[in-house]
Amino acid sequence: MTNTTASSDVGDLQSRLSGEVPGVSLAWSTYQDQTRVVVPAADLLSVLQASKKIGFDQLTDITCVDLLEYGNATDRFEVVYLLLNIETSERLTLKTYLNEPDLTIPSATSVWFGADWLEREVYDMYGIIFAGHPNFKRLLLPQEFQSFPLRKDYPVKGRGERHNFPVITRAES
Amino acid sequence: MATEINKTVGDNVFLTTLDAAASWARANSLWPMPFATACCGIELMSTAASRHDLSRFGSEVMRFSPRQCDLMIVAGRVVMKMLPVLQRIWLQMPEPKWCISMGACACSGGVFDTYAVVQGIDRFIPVDVYVPGCPPRPEQLIRSIIDLQEKIQSGGTYNAREFKLRILPEGPQRFDEDELIRIRERNGFKLDPPTYDPVH
Ligand code: SF4
């Protein structure tokens, strides 16, 4: 019984979102009552605007997954948007795939301003560039940091950044 | 001559050196600067609070301005973004000054062997007393302050000239391999060197 309700809800959501962006190929899937849709990177901004229009008024989180050497993944990065419709408590997981060297996608700050720090954190950790962001720079790490530490090809102990400081001796201080 | 003076003033005069007098005064009025960045800071607060009562040992006056302090207690992990701040605060403290490294994280990075966490503050600033533990109990911190008082009294000079001789870095040098692996190899265990991290 719950299954039919869930699938009809999902079907409703699919048709609502597809109706807003005709011509965009959306790949839908569900897993344990979570609805997920994969969007081509080129159409990302229009799909984000459409999902806000159909009621997803809160951007819960933006995150990213580095799929290097993961299973039989063909793409390198997966940027994930977690959306919530506050009125109906519907949730939607929106994903897009990116590959090097073109790691630029449009910023979602024009849709939800709360994307500001989320996008800066994703840039900080994975190096995804969000075009059109009003204040695009690192959020957590020092500005002069060179690498993107949550990428899978970055060593967990770093590349010597944590030892790269002047040493103050007793006589100098 | 001495007996003449003794007759006149009795036990009211003590003879000592200027160094000893200055060190005695300094050791018994340490003004700690709490540099509490993580969970050890909670234990530091507990040490200063009424139950453990650090004021029994003459160093309860925590000041949050480094310019009013002479003892820095680094309680917690220091990340690479915080280390320049730590060094700056250390340089802002007036001489003579001392540093207690409290907890596994401040002493060695603790379990946080990651790209962002400094593997021991003694690599970059001088440290006088290390307190082991995760977190150390307040009794341990009190013990470290008593040890520091002994250290000040036994070696202090009134113009802090003992510090001028210490021109070399006091922490471990930069290492190219995991310290633990080298120690184990010295003890006869052969381990593969870490291949993922040549620079460390
Ligand atoms: S040594 Fe333990 S208690 Fe202290 S800062 Fe580190 S993790 Fe926290």
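The values are calculated or read from the model by the stated rules, or taken from the named source; none is laboratory data. Because the structure is a prediction, the values reported are computed rather than measured. All Cβ positions, even for glycine, are placed from backbone atoms using ideal geometry, and neighbour counts span all protein chains on display. To get the accessible areas, we keep the full protein, side chains included, count just its heavy atoms, and leave off ligands, DNA and RNA. Shrake-Rupley method; radii C 1.70, N 1.55, O 1.52, S 1.80 Å.
How much accessible area per residue does chain B have, counting only protein heavy atoms and a probe of 1.4 Å, in square angstrom? If you can, show how the numbers build up before the last one.
Working: 11160 Å² over 200 residues.
I get 56 Å² per residue for this part.
Report, in deg cm²/dmol and to the nearest 500, the calculated mean residue ellipticity at 222 nm for chain B, where each DSSP H run with n ≥ 4 adds -39500 (n - 2.57) and the sum is divided by the residue count. Walk me through the numbers before you get to the answer.
Working: 8 runs with 73 residues, N = 200.
Value at 222 nm, helices only, nearest 500: -10500 deg cm²/dmol.
About its Cα centre, how strong a charge dipole does region B:20-186 have in debye, to the nearest 20, once Lys and Arg get +1 and Asp and Glu get -1 at the Cβ?
On the way: 20 positive and 18 negative charges, 75 e Å.
Dipole about the Cα centre, nearest 20: 360 debye.
Cut-off 16 Å, label point 7 angstrom out along Cα-to-Cβ of B:Thr16: give me the residues of region B:136-172 whose amide nitrogen falls inside.
In region B:136-172, the label zone of B:Thr16 (backbone N under 16 Å from the point 7 Å along Cα→Cβ) covers B:149-160.
Keeping the other protein chains in place, figure out the carbon and sulfur percent of the accessible area of region A:24-164, with a 1.4 Å probe.
Details: 3500 of 7060 Å².
Percent of accessible area from carbon and sulfur atoms in region A:24-164: 50.
Once you put a point 7 Å from the Cα of B:Glu170 and another 7 Å from the Cα of B:Ser46, both along the Cβ direction, what distance in nm separates them?
2.8 nm
To test your reading of the geometry: what angle, between 0 and 90 degrees and rounded to tens, separates the Cα axis of helix B:138-155 from the longest principal axis of chain B?
It is inclined by approximately 60 degrees.
Using a 1.4 angstrom probe on heavy atoms only, work out the carbon and sulfur share of the accessible area of region B:20-186 in %. Could you put the intermediate results ahead of the total?
Values: 4620 of 7950 Å².
Reported share for carbon and sulfur atoms: 58 percent.
What is the dipole size for region A:24-164, taken about its Cα centre, with +1 at each Lys and Arg Cβ and -1 at each Asp and Glu Cβ, in debye to the nearest 20? Before the final figure, lay out each step's value.
Details: 14 positive and 19 negative charges, 43 e Å.
Value, rounded to 20: 200 debye.
Going from the alpha-carbon gyration tensor of region A:24-164, what semi-axes, largest first and in whole Å, does one get by taking the root of 5 times each eigenvalue? Could the numbers behind the result be given before it?
Details: eigenvalues 148, 65, 36 Å².
Semi-axes, largest first: 27, 18, 13 Å.
When DSSP assigns beta bridges and you keep just the ones with both residues in the protein assembly as shown, what percent turn out antiparallel, to the nearest 5?
Values: 23 of 42 bridges.
Taking every DSSP beta bridge with both residues in the protein assembly as shown, the antiparallel ones total about 55 percent.
Rounded to the nearest 5, what % of the DSSP beta bridges within chain A are antiparallel ones? Don't jump to the answer; show the numbers that get you there.
Working: 22 of 28 bridges.
Roughly 80 percent of the beta bridges in chain A run antiparallel, per DSSP.
Dipole size in debye (nearest 20) for the protein assembly as shown around its Cα centre, Lys and Arg Cβ +1, Asp and Glu Cβ -1?
Numbers: 38 positive and 46 negative charges, 211 e Å.
Magnitude of the dipole: close to 1020 debye.
Efficiency by 1/(1 + (r/R0)^6): what FRET value for B:Asp53 and B:Arg186, r their Cβ-Cβ distance, R0 = 56 Å, to the nearest 0.05? Spell out each step's value before the answer.
Working: r = 44 Å, r/R0 = 0.78.
Approximately 0.80, to the nearest 0.05.
Summed for both chains, how many Å² of accessible area, to the nearest 100, are buried between A and B with a 1.4 Å probe? Each step should come with its number before you reach the end.
Details: alone 10490 and 12470 Å², together 20140 Å².
The contact between B and A buries close to 2800 Å².
Farthest toward the dipole's positive end in chain A, which of A:Val80, A:Ser18, A:Leu139, given Cβ charges of +1 (Lys, Arg) and -1 (Asp, Glu) about the Cα centre?
Farthest towards the positive pole: A:Leu139.
Would you mind calculating the gained length between B:Arg67 and B:Trp24 on full extension (0.36 nm times residue separation, minus the Cα-Cα distance), in nm to one decimal?
Details: separation 43, 0.36 × 43 = 15.48 nm, distance 2.12 nm.
That works out to 13.4 nm of additional length.
With a ≥ b ≥ c the root eigenvalues of the C-alpha gyration tensor of the protein assembly as shown, is it rounded (a/c under 1.5), prolate (a/b larger than b/c) or oblate? Walk me through the numbers before you get to the answer.
Working: a/c = 3.27, a/b = 2.50, b/c = 1.31.
It comes out prolate by the Cα gyration axes.
Cut-off 17 Å, label point 7 angstrom out along Cα-to-Cβ of A:Thr104: give me the residues of region A:136-167 whose amide nitrogen falls inside.
It comes to A:136-137, nothing else.
State, to one decimal in nm², a quarter of the convex hull surface area for the C-alpha atoms of chain B, i.e. the direction-averaged projected area. Can you show the working numbers first?
Details: hull surface 62.9 nm².
The Cα convex hull of chain B, projected and averaged over all directions, gives 15.7 nm².
Using Cα pairs closer than 8 Å and at least 6 residues apart in sequence, work out the relative contact order for region B:20-186, in percent.
Details: 293 pairs, mean separation 41.5, N = 167.
Reported as a whole number, the value is 25 percent.
Compute the distance in nm between two label points, each set 7 Å from the Cα along the Cα-to-Cβ direction, one at B:Val111 and one at A:Ser89.
Result: 3.5 nm between the two label points.
Give A:Lys95/B:Lys81; A:Lys157/B:Lys81; A:Lys53/A:Lys137; A:Lys53/A:Lys95 a once-over and call out the pairs whose C-alpha atoms are over 25 Å from each other. List each step's numbers first, then the result.
On the way: A:Lys95/B:Lys81 32 Å; A:Lys157/B:Lys81 15 Å; A:Lys53/A:Lys137 29 Å; A:Lys53/A:Lys95 18 Å.
Over 25 Å Cα-Cα: A:Lys95/B:Lys81; A:Lys53/A:Lys137.
With just the Cα atoms defining each centre, how far is region B:11-39 from region B:121-137? Give it in Å.
20 Å
Compute the helix-to-body angle for B:18-27: its Cα long axis versus the longest principal axis of chain B, expressed 0 to 90° and rounded to tens.
60 degrees
Any chance you could check region B:67-94 for residues losing 50 Å² or more of accessible area when the partner protein chains are in, compared with the chain on its own (1.4 Å probe)?
Buried by the other chains: B:Met80, B:Lys81.
Looking at region B:1-158 only, what percent of DSSP beta bridges run antiparallel? Nearest 5 please.
5 percent
Determine the sum of side-chain charges near A:Leu83: Lys and Arg each +1, Asp and Glu each -1, restricted to other residues whose C-beta is under 14 angstrom from that of A:Leu83. Provide the component values of the computation, followed by the final result.
Working: positive: A:Arg16, A:Arg36, A:Lys52, A:Lys53, A:Arg91, A:Lys95; negative: A:Glu20, A:Asp57, A:Asp61, A:Glu87, A:Glu90.
Residues near A:Leu83 contribute +1 overall.
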